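Structure record follows, encoded as structure tokens.
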Amino acid sequence: GPARQGETEHRTLTPLPPLPPTTSVAQGIDWDNFRDHIPTADQQGRRQWVYPRRPSGPLYKYRTWLSYALLAFLFLGPFLRINGNPILMMNVIERKFTIMGFIFWPQDTLLFAVAMLTVFIMIALFTAVFGRIWCGWLCPQTVLMEMLFRKIEYAIEGDADDQRKLNASPWTPDKIRRKALKHGVFFGLSFIIGNLLLAYIIGSDALFAIITDNPFNHLRGLTAMILFSLLFYGIFARFREQACTFVCPYGRFQSVLLDENSIVVAYDHKRGEKRGRFSRKQSLEERAAAGLGHCVNCGWCVEVCPTGIDIRNGTQMECVNCTACIDACNNVMDRVGLPQGLIRYASLNGIERGERLKITPRIKLYCAILAGLSLLLVTLVALRPPVEATILRAPGSLFQQQPNGNISNVYLVKVMNKTTRDIPVRFELLKPEGNMIVAGETVLTGREQLASTAIVVELAPDQLAGEITPVRIGVFANDKKVDSVKTSFLGPRRSGAVRR
């Protein structure tokens, strides 16, 4: 029989009979063993199309409602505002990122790095505890495929059996109408989603201006959008589950992140084996006496799987934890009068030994790292200054000696206003003592704007620490110190300079 979850199969491969000259399959593959091949390819390497049946059940209902909420966020995200800013916008063109109304700029690189590291540790933690729950419940590929494109396909072409018959039938007016309608809707939806994703980059106002303008003024952009829509359409019309199997690296990461304590969609082989067809004439006691388990070998768990695997073979890379097999198996168990949960969320230790979820040292370590990174991220956001200044000596300029004997340097100042309001900014020489002249006492930085000015710092000779003197300049917004910038002051070479 197929290998169970957690088992290591020891066997000797039997040489296969000679293959036809047109076959290019490697010798030694056991096509009866799921570990030797992928379920969506035949012995000639040709793709086998997956026709998953329409799932139903409590878990599918919960996934549907969650997916509707996520899809609503996708379609409404560019148009929702917090403090006048989109709730999410990744404007890579202007290097401006808006998250929940807060604007982040390239100057926030450290904050971004900590945020990305926090997300990575969070994914590692949730995978170690709950397996690929992200893939089945939250991943955009799964949500769009199963809850949008697949539902449209069911509505137009019918369930799995109807789709098989339609694809195998000759081209009739009804088949042409259905195929044209389905693929037309798929491409139209891909074009709409492509424009929505563009709105997340340039903003809804800019997108609306482009849409209402003459298309001939934006031929390059329109061509790029059509090409992107064709790519998007190809993923959901043809590529489908192969995006999860071949492209997405997350399925391969799980082999490192999962262990025998991870909660995954699992088949209870201790209760289910040996498999056998259910007979109304046979009582449950007689079935147990015959050495048969609760699995009635109906195959519904395979029929509803969107990646075409048999979950009874154990945890596999292709499984996205969509729970369709759980609902299907529970429905069959209800019909034959057996308890639910033959396929359920469980760990290997939970099935083998009946253990509950254990908080392992690895999970504790993930939690500690995640807590530390989350605290650091919150602290960085809370202490993030509303304005940030860059002060550098004017390129190519040397020091100037004034008539009174003082030494002066000229600096160029750039002030980035990270907020959505105008902020008056002034500068003050903090260390050492000296004079500072600003081109305009106060610099008014506009909302989300970069302002530039020049300042002159004048120091007395006894304040110089040598050829290079460290200087610290304070940046004040609304009379509140928001930043302190350190720069260098160039002076003449003098022996015996006093360091202050």
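Near ALA237: Cβ cut-off under 13 Å, other residues only, Lys/Arg at +1 and Asp/Glu at -1. The net charge is +2. In this structure the amide hydrogen of LYS431, modeled in the peptide plane, comes within under 5 Å of the amide hydrogens of ARG472, none closer than 5 places in sequence on its chain. Kirkwood hydrodynamic radius (Cα pairs, Å) of segment 40-119? With all distinct Cα pairs of segment 40-119 included, I get 16.7 Å.
As a rough guide to protection, the peptides 118-126, 413-421, 321-329, 177-185 ranked by mean Cβ packing within 10 Å, highest first, stand as 321-329, 413-421, 118-126, 177-185.
Screening the chain for DSSP H helices whose Cα atoms reach 24 Å or more along their own axis and whose mean Kyte hydropathy is at least 0.5 gives 58-76, 109-130, 173-202, 361-382. Under 8 Å for C-alpha pairs, at least 6 residues apart: give me the relative contact order for the chain, rounded to a whole percent. With pairs under 8 Å counted, the relative contact order is 14 percent. The mean sequence separation of alpha-carbon pairs under 8 Å and at least six residues apart, normalised by the residue count of segment 349-500, gives a relative contact order of 22 percent. Applying the Karplus relation 6.51 cos²θ - 1.76 cosθ + 1.60 with θ = phi - 60° to segment 338-355 yields 3J(HN,Hα) values of 10, x, 6, x, 4, 10, 7, 6, 7, 9, 4, 5, x, 7, 6, 10, x, 7 Hz, where x marks Gly and Pro. Remark: C-alpha extents of segment 50-204 on the principal axes read 61, 38, 21 Å, sorted largest to smallest. Annotation: extensible slack from ARG271 through GLU352 equals 28.1 nm (criterion: 0.36 nm per residue apart, minus Cα-Cα distance).
Simple rule: put +1 on each Lys or Arg Cβ and -1 on each Asp or Glu Cβ in the chain, find the dipole, and look at ALA115, GLY434, GLY158; the Cα lying farthest toward the positive end is GLY158. For the pair ASP205 and THR172 in one chain, pulling the backbone fully straight at 0.36 nm per residue adds 7.4 nm over the alpha carbon distance.
Backbone phi angles across segment 287-303, fed through the Karplus curve with coefficients 6.51, -1.76 and 1.60 (θ = phi - 60°), yield HN-Hα couplings of 5, 5, 5, 7, x, 9, x, 7, 6, 8, 6, 6, x, 5, 5, 7, 4 Hz in residue order; Gly and Pro are listed as x. Within segment 113-207, the proportion of Cα pairs with more than 18 Å between them is 65 percent. Sorting 398-408, 85-95, 188-198 by average packing, meaning the other beta carbons within 10 Å per residue, from highest down gives 188-198, 85-95, 398-408. Annotation: amide H of CYS305 within the under-5 Å range of ARG53, sequence separation 5 or more or interchain, hydrogens built in the peptide plane. Convex hull volume per residue, computed on the Cα atoms of segment 242-284, equals 138 Å³. Counting only aspartates and glutamates at least 8 places from LYS270 when in the same chain, those with an alpha carbon closer than 12 Å to its own are GLU352. Once Rh is set to the Kirkwood radius over Cα pairs, what Stokes-Einstein translational diffusion coefficient, in µm²/s, holds for segment 276-359 at a temperature of 25 °C and a viscosity of 0.890 mPa s? Diffusion coefficient, whole number: 174 µm²/s. As a length-normalised measure over Cα pairs under 8 Å and 6 or more apart, the relative contact order of segment 73-197 settles at 15 percent. Each residue of segment 449-455 was assigned a 3J(HN,Hα) from its phi angle through the Karplus expression (A = 6.51, B = -1.76, C = 1.60, θ = phi - 60°), giving 10, 10, 9, 10, 7, 10, 9 Hz with x at Gly and Pro. Dimensions of segment 200-348 based on its C-alpha atoms, expressed as ranges along the principal axes with the largest first, amount to 78, 36, 24 Å.
Cα centroids of segment 331-349 and segment 230-288: how far apart, whole angstrom? Rounded to whole Å, the Cα centres lie 14 Å apart. Amide hydrogen proximity for THR445: with H placed 1.01 Å from N in the peptide plane, the residues at 5 or more positions away or on another chain lying under 5 Å are ILE423, VAL425.
Computed over neighbours whose Cβ is under 13 Å from that of ASN409, the net charge equals -1, Lys and Arg +1, Asp and Glu -1.
Listed by chain and number, the lysines whose alpha-carbon sits under 24 Å from that of LYS96, ignoring those within fewer than 8 places in the same chain, are LYS414, LYS418. Of the accessible area of segment 239-361, computed with a 1.4 Å probe over protein heavy atoms only, carbon and sulfur atoms account for 55 percent. Applying 1/(1 + (r/R0)^6) with R0 = 25 Å to the Cβ-Cβ distance of TYR154 and ARG46 gives a FRET efficiency near 0.50. The smallest convex shape that holds all Cα atoms of the chain, its convex hull, gives 270 Å³ per residue. In a fully extended conformation the segment linking SER56 and ASN406 would gain 117.7 nm over its present Cα-Cα distance, using 0.36 nm per residue. Label separation (LEU380 vs VAL336): 5.4 nm, computed from points 7 Å beyond Cα along the C-beta direction.
Under a cut-off of 16 Å between alpha-carbon atoms, report the aspartates and glutamates in cross-link reach of LYS481, not counting same-chain residues fewer than 8 places apart. Reachable aspartates and glutamates: GLU388, GLU428, GLU441. About the centre of its Cα atoms, the chain shows a dipole size close to 360 debye [charges on the beta carbon of Lys, Arg (+1) and Asp, Glu (-1) only; nearest 20 debye].
The values are calculated or read from the model by the stated rules, or taken from the named source; none is laboratory data. Here the structure is a predicted model, which means the values were calculated and not measured. Virtual Cβ from ideal backbone geometry, glycine too; neighbours counted across all protein chains shown. All accessible areas refer to the heavy atoms of the entire protein, side chains included, with ligands and DNA or RNA removed. Shrake-Rupley method; radii C 1.70, N 1.55, O 1.52, S 1.80 Å.
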